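The values are calculated or read from the model by the stated rules, or taken from the named source; none is laboratory data. Nothing here was measured: the structure is a model prediction, and the numbers come from that model. So basically every Cβ, Gly included, is an ideal-geometry build from the backbone, and we count neighbours across all protein chains shown.
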């Protein structure tokens with residue numbers, strides 16, 4: 001999945017400035033990300049935060065209501081999916097529980113299913129979470145993403161240090177490409193994340209994913 005990223009900040013940001021250890025010359029990074037969605041399933045992430053806390057996003061503040069009738073969001077609940085469906089006539093999602101809400105926060109991700117044969121975009125609006133961000137990884141399956149709009153290798157750029165036998169499943173539109181960490185290398189190559197993309201992680205052990213975005 002490719003995403004067009006437009007970040008409107010107090011100081012202009014050049015392409016490629018944002019990395020997991022970037023130095024950005026601005027006190028605030030506020031803007032929006034357009035993520036193109038193809039018909040069917042897309043595994044995406046909201047990497048901008050509504051209020052700077054990283055915890056108060058909802059499906060309405062993140063995904064919004066400018067989507068085709070019948071659009072479905074599926075959030076991983078630890079054993080399966082919690083789903084919600086959009087009704088264009090009422091402008092409402094029929095479920096907005098804690099699982100759905102959590103999936104809208106930076107560092108997490110979710111599936112969004114676009115009905116019909118025509119794709120669309122989803123636009124995320126908000127703040128980049130700066131500083132040191134620590135996200136817990138639990139053993140077993142979860143959907144994760146970079147906590148900020150940073151494209152690149154999951155380890156070399158986004159600073160995820162895998163445990164041996166961790167498996168990252170990258171959605172390719174029809175299925176998954178599997179990358180297993182042997183302890184020294186990624187099988188099938190290092191997973192590369194695009195802006196607005198999330199992945200399935202089958203974690204072999206508990207750990208933390210620490211990402212740092214410094215602002216100067």
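Numbers for the structure displayed
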{"read-out": "Test result for residue 72, outside the structural domain of residue 140 (by TED's automatic domain parsing), buried (at least 16 other Cβ atoms within 10 Å of the Cβ), over 14 Å from the mean Cα position of the chain (by Cα) and at pLDDT 95 or above", "value": "yes"}
{"read-out": "Count of the stretch 114-139 residues which are in a strand (DSSP E or B) and exposed (fewer than 13 other Cβ atoms within 10 Å of the Cβ)", "value": "4"}
{"read-out": "Condition check for residue 198: in a loop (DSSP other than H, G, I, E, B), surrounded by 18 or more Cβ atoms within 10 Å (Cβ to Cβ), within 12 Å of the chain's Cα centre (by Cα) and in contact (Cβ under 8 Å) with a residue 60 or more places away in the chain", "value": "no"}
{"read-out": "Residue list for the stretch 38-67, filter: closer than 18 Å to residue 90 by Cα and part of a loop (DSSP other than H, G, I, E, B)", "value": "58, 63, 64, 65, 66, 67"}
{"read-out": "Total residues in the stretch 201-216, condition more than 21 Å from residue 74 (Cα to Cα) and either buried (at least 19 other Cβ atoms within 10 Å of the Cβ) or in contact with a helix residue (DSSP H, G or I) (Cβ under 9 Å, 6 or more places away or on another chain) (or both)", "value": "3"}
{"read-out": "Test: residue 168 is surrounded by 20 or more Cβ atoms within 10 Å (Cβ to Cβ), free of Cβ contacts under 8 Å to residues at least 40 places away in the same chain and in a strand (DSSP E or B)", "value": "yes"}
{"read-out": "Extreme residue, modelled with the lowest pLDDT, among residues of the stretch 18-37 that are crowded, with 19+ Cβ neighbours inside 10 Å, part of a strand (DSSP E or B) and over 14 Å from the mean Cα position of the chain (by Cα)", "value": "24"}
{"read-out": "Which listed residue, of 189, 183, 148, is assigned to a loop (DSSP other than H, G, I, E, B) and under 20 Å from residue 45 (Cα atoms)", "value": "148"}
{"read-out": "Scan of the stretch 78-113 for residues that are touching a strand residue (DSSP E or B) at 6+ places or on another chain (Cβ under 7 Å), without any contact (Cβ under 8 Å) to a residue 24 or more places away in the chain, part of a strand (DSSP E or B) and more than 29 Å from residue 160 (Cα to Cα), ordered by number", "value": "85, 86"}
